[in-house]
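Some notes on the structure that comes next.
The values are calculated or read from the model by the stated rules, or taken from the named source; none is laboratory data. Just so we're clear, the structure is a prediction, and the values are computed from it rather than from any experiment. Because the Cβ atoms are built from the backbone with ideal geometry, glycine has one as well, and the counts that use them run over all protein chains shown. Surface accessibility is based on the protein's heavy atoms, side chains included, excluding ligands, DNA and RNA. Shrake-Rupley method; radii C 1.70, N 1.55, O 1.52, S 1.80 Å.
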Amino acid sequence: MTPRILAFSGSARTGSLNQRLVAVAAEGARKAGAEVTLISLRDFPAPIYDGDLEEASGLPESIKKLKALMAVHQGLLIACPEYNSSITPLLKNVIDWLSRPQPNEAPLASFDGKVCGLLGASAGAFGGLRGLFHVRDILQNIRVTVLPDPYLVAVARADQHLDEEGTIKDERMRGAVENVGRRVATVIARLA
């Protein structure tokens, strides 16, 4: 079985450092034999999660499409910036919507049993690491197997390391980021 990995960032900003970073990790997964689908959450807009809205209208069409993508992938690569030492509102909102079951769907079907590699990039000194701990806690609580250290990679001063094309100049750093993708692919293959 070829591991299938869905890769995205918790940022929809044009030129996002984290979108560039997750593309590097995705390349590592491809080198390990995985099939990777790289998306932008910008393409799956959703209102802020509200139980009354869900009851009245059901899941937004964009979330149904994202759920369908999640269903055919065994792994996730997520690069997330840090907002005030925590998870971005965009990523949290997407997780909240995806966690809601559709009719005849098992609880947490979008997440249960997935293997995830987490990365972060920031122009600051911590590389978004504090926010990644929150993302990790949330994902682990919804049945995602998150790779432990040293596969949790935060790239500090990423604006100096990632160029506009998404190339990481430092070979050691690029290797660490690619290794996150490689490891997600390897773990999925072993579990299969």
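What residue, of Thr186, Thr167, is under 28 Å from Ala71 (Cβ atoms), of a type in the set (S, T, N, Q) and either without any contact (Cβ under 8 Å) to a residue 60 or more places away in the chain or open to solvent by 30 Å² or more (accessible area, probe 1.4 Å) (or both)?
Testing whether each residue is under 28 Å from Ala71 (Cβ atoms), of a type in the set (S, T, N, Q) and either without any contact (Cβ under 8 Å) to a residue 60 or more places away in the chain or open to solvent by 30 Å² or more (accessible area, probe 1.4 Å) (or both) leaves just Thr186.
Filter segment 150-164 for residues that are part of a helix (DSSP H, G or I), in contact with a helix residue (DSSP H, G or I) (Cβ under 9 Å, 6 or more places away or on another chain) and open to solvent by 70 Å² or more (accessible area, probe 1.4 Å) and give the result. Show your work before the answer.
Keep residues of segment 150-164 that are part of a helix (DSSP H, G or I), which gives 158-161.
Then drop every residue that is not in contact with a helix residue (DSSP H, G or I) (Cβ under 9 Å, 6 or more places away or on another chain), which leaves 158-159, 161.
Listed by number, the list holds a single entry, Asp159.
Just give me the residues in segment 1-57 being assigned to a strand (DSSP E or B), touching a residue at least 60 places away in the same chain (Cβ under 8 Å) and surrounded by fewer than 19 Cβ atoms within 10 Å (Cβ to Cβ), in sequence order. If you could, list the steps in order and put the result at the bottom.
Start the filter on segment 1-57 by keeping residues that are assigned to a strand (DSSP E or B), which leaves 4-9, 35-38.
Applying the additional criterion that residues be touching a residue at least 60 places away in the same chain (Cβ under 8 Å) yields 4-9, 36.
Listed by number, the list holds a single entry, Arg4.
Can we say Gly128 is within 21 Å of Phe44 (Cβ to Cβ), touching a residue at least 60 places away in the same chain (Cβ under 8 Å) and not charged (D, E, K, R)? Let's see the steps before the verdict.
On the way: within 21 Å of Phe44 (Cβ to Cβ): no; touching a residue at least 60 places away in the same chain (Cβ under 8 Å): yes; not charged (D, E, K, R): yes.
Against the criterion (within 21 Å of Phe44 (Cβ to Cβ), touching a residue at least 60 places away in the same chain (Cβ under 8 Å) and not charged (D, E, K, R)), Gly128 does not qualify.
Check segment 139-149 and report whether any residue there is modelled with pLDDT of 95 or more, assigned to a loop (DSSP other than H, G, I, E, B) and under 22 Å from Arg30 (Cβ atoms).
Yes.
Take Pro89 and tell me if it is open to solvent by 60 Å² or more (accessible area, probe 1.4 Å), of a type outside the set (D, E, K, R), touching a Phe, Trp or Tyr at 6+ places or on another chain (Cβ under 8 Å) and farther than 24 Å from Arg174 by Cα. I'd like the intermediate steps shown before the answer.
Numbers: open to solvent by 60 Å² or more (accessible area, probe 1.4 Å): yes; of a type outside the set (D, E, K, R): yes; touching a Phe, Trp or Tyr at 6+ places or on another chain (Cβ under 8 Å): yes; farther than 24 Å from Arg174 by Cα: yes.
So Pro89 passes the test.
How many of the residues in segment 8-67 are of a type in the set (Asp, Glu) and more than 30 Å from Gly127 (Cβ to Cβ)? Even if it seems obvious, please write down each step before you answer.
Within segment 8-67, the subset of a type in the set (Asp, Glu) is 27, 35, 43, 50, 52, 54-55, 61.
Now narrow it down to the ones that are more than 30 Å from Gly127 (Cβ to Cβ): 50, 52, 54-55, 61.
The total comes to 5.
Residue-by-condition table, conditions (1) on the phi > 0 side of the Ramachandran plot; (2) part of a loop (DSSP other than H, G, I, E, B); (3) of a type in the set (Val, Ile, Thr):
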{"site": "Ile78", "(1), (2), (3)": "no, no, yes"}
{"site": "Pro81", "(1), (2), (3)": "no, yes, no"}
{"site": "Leu90", "(1), (2), (3)": "no, no, no"}
{"site": "Val94", "(1), (2), (3)": "no, no, yes"}
{"site": "Trp97", "(1), (2), (3)": "no, no, no"}
{"site": "Leu108", "(1), (2), (3)": "yes, yes, no"}
{"site": "Phe111", "(1), (2), (3)": "no, yes, no"}
{"site": "Cys116", "(1), (2), (3)": "no, no, no"}
{"site": "Gly120", "(1), (2), (3)": "no, no, no"}
